[in-house]
Amino acid sequence: MKGIYIDENACMGCQLCEVYCQVEHSPSRDILRAFHKERPLLTPRIRIQQTVNSFVAVQCKHCSEPWCVYACLTGALSKDPVSGVVTLASAKCVGCWTCVMACPFGAITPDFAEGVIVKCDLCPERDVPACVAGCPNKALLFTDDRKEPERDLVAVGTEESMQEGW
């Protein structure tokens, strides 16, 4: 299954991927309307976080064992057995946030304005997700070369993480 990965050496932290994600999921899909006329402003499904020495993209990893799906009380989250994509049925979401707590990557975001969660859906209507297509430095990659998601985690409280300023 294809996933979104970040080249930490190429990311400059501009957060344009967040903007393109918001526009792609807006009703108009127009950048000016999405930010100036449409309310509430949509929550992006990808976030760029700055670490000590680089930037990290935080978005759904579409895990092989999705803890968020197992934790979902209403069945709003499910994993497609064919594509492997973890999908959200917003109409079933009751905003209990158990999936937010269950996700080990912090990839699920509460949308307080709508009372539901938002997560990366890999832009199913597109060949390449909007965040990847819009990245000016090509720091986001959409590829089958799946890295172990655990590589992206930093163990908080370890000596190594404390030296890095965590």
Check whether at least one residue in the range 70-87 is over 18 Å from Val132 (Cα atoms), assigned by TED's automatic domain parsing to the domain that holds Asp144 and surrounded by fewer than 14 Cβ atoms within 10 Å (Cβ to Cβ), and report yes or no.
no
Give the range 18-72 a look and list any residue that's among the hydroxyl-bearing types (Ser, Thr, Tyr) and free of Cβ contacts under 8 Å to residues at least 24 places away in the same chain, or say none.
Ser26, Ser28, Ser64
Which of the residues belonging to the range 61-92 are hydrophobic (A, V, I, L, M, F, W, C) and closer than 19 Å to Gly115 by Cα?
Cys68, Val69, Ala71, Cys72, Leu73, Ala76, Leu77, Leu88, Ala89, Ala91
Taking the range 1-37 and keeping residues part of a helix (DSSP H, G or I), in contact with a Leu (Cβ under 9 Å, 6 or more places away or on another chain) and either surrounded by fewer than 17 Cβ atoms within 10 Å (Cβ to Cβ) or of a type in the set (Phe, Trp, Tyr) (or both) leaves Phe35
Considering every residue within the range 56-64, establish whether at least one is within 25 Å of Tyr20 (Cβ to Cβ), in a helix (DSSP H, G or I), touching a strand residue (DSSP E or B) at 6+ places or on another chain (Cβ under 8 Å) and hydrophobic (A, V, I, L, M, F, W, C).
no
Has the range 103-113 got at least one residue that is farther than 30 Å from Cys14 by Cβ, surrounded by fewer than 17 Cβ atoms within 10 Å (Cβ to Cβ) and out of contact with any Ser or Thr (no Cβ under 7 Å at 6 or more places or on another chain)?
no
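The values are calculated or read from the model by the stated rules, or taken from the named source; none is laboratory data. This one's a predicted model, so the numbers in the text were calculated from it and none came from an experiment. Note that we place each Cβ from the backbone using ideal geometry, even for glycine, and neighbour counts take in every protein chain shown.
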